[in-house]
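First comes the structure, then the notes that go with it.
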Amino acid sequence: MTVRRIVTLGEPVLRRPAKKIHRFDYSTQQLVDDLFDTLRAAPGSGLAAPQIGVSLRALVTIYEENERVILNPEIVEISEEQEEGEEGCLSVPGWYGPVNRKLSLTIRGRNPKGKPIKIKTDGWEARIFQHEIDHLDGIMYTDRMTDEQRRRVHKVESKDEEEELEDEQVIA
Ligand code: NI
């Protein structure tokens, strides 16, 4: 089990578009295992490879005990409809704010063995995927906020307060 250090805002890897994965071998599986170990330890609902300092297009999510992994994800369908929800980012610890995300999407990509996969998702899980795919493109959730939403960004001071909020928020 390897829990990696989570990179925080200010480190250039978070702003760099990550590279497509071409080799699907032991090191790819190792990267995915490290992402899951780090996400469970955080804990959080999603983690992208640049957040552990690896500029490759890999992400994992854990939502309601459903663990998913996708490499080289591409959004192939996305709903028009969007909804505001509260997000936090493991790379910007303690801060939260409202962001609009699309309600449902379909993503195509590869599994760690290189086999093509398709994921259809909606609601909070779709929000996590949008947050993580943005990380692969060097985009932070605050970049997606309107000016009005940016004024509602707030810091949660204590760990207790943070735990209370966890159910209504995505931390990814
Ligand atoms: Ni994040």
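Test residue 21 against the stated conditions and say whether it is more than 20 Å from residue 120 (Cβ to Cβ) and either in contact (Cβ under 8 Å) with a residue 40 or more places away in the chain or open to solvent by 60 Å² or more (accessible area, probe 1.4 Å) (or both). Yes, satisfied.
Of the helices (runs of 4 or more DSSP H) contained entirely in segment 83-172, those carrying at least 2 residues that are farther than 23 Å from residue 38 by Cα fall at 147-150.
Residue 128 passes every criterion in (1) open to solvent by 20 Å² or more (accessible area, probe 1.4 Å); (2) in contact with a strand residue (DSSP E or B) (Cβ under 8 Å, 6 or more places away or on another chain); (3) within 14 Å of the ligand (Cβ to nearest atom) apart from (1).
A single entry from 74, 161 fulfils the requirement of being more than 27 Å from residue 13 (Cβ to Cβ) and either of a type outside the set (Ser, Thr, Tyr) or within 16 Å of the ligand (Cβ to nearest atom) (or both): 161. The condition of being at pLDDT 95 or above, open to solvent by less than 10 Å² (accessible area, probe 1.4 Å) and within 15 Å of the ligand (Cβ to nearest atom) holds for only one of 99, 92, that being 99.
Considering only residues that are under 12 Å from the mean Cα position of the chain (by Cα) and open to solvent by less than 40 Å² (accessible area, probe 1.4 Å), which ones fall in segment 58-72? 58, 59, 60, 61, 62, 69, 70 - these are the residues of segment 58-72 that are under 12 Å from the mean Cα position of the chain (by Cα) and open to solvent by less than 40 Å² (accessible area, probe 1.4 Å).
Can you list residue pairs whose Cβ atoms sit under 7 Å apart, with the first residue in segment 134-145 being over 13 Å from residue 99 (Cβ atoms) and the second being open to solvent by less than 10 Å² (accessible area, probe 1.4 Å) and outside any loop (DSSP other than H, G, I, E, B)? Count only pairs 6 or more apart in sequence or on different chains. Sorted first by the residue in segment 134-145, then by its partner, the pairs are 135/48; 135/50; 135/51; 136/48; 136/50; 136/59; 138/14.
The single condition from (1) part of a helix (DSSP H, G or I); (2) touching a strand residue (DSSP E or B) at 6+ places or on another chain (Cβ under 6 Å) that residue 77 fails is (1).
The values are calculated or read from the model by the stated rules, or taken from the named source; none is laboratory data. From a predicted model like this one, the values you see are computed outputs, not experimental measurements. Cβ atoms come from the backbone with ideal geometry, glycine included; neighbour counts cover every protein chain shown. Ligands, DNA and RNA are stripped out before the accessible areas are found, and what is left, the full protein with its side chains, is counted by its heavy atoms. Shrake-Rupley method; radii C 1.70, N 1.55, O 1.52, S 1.80 Å.
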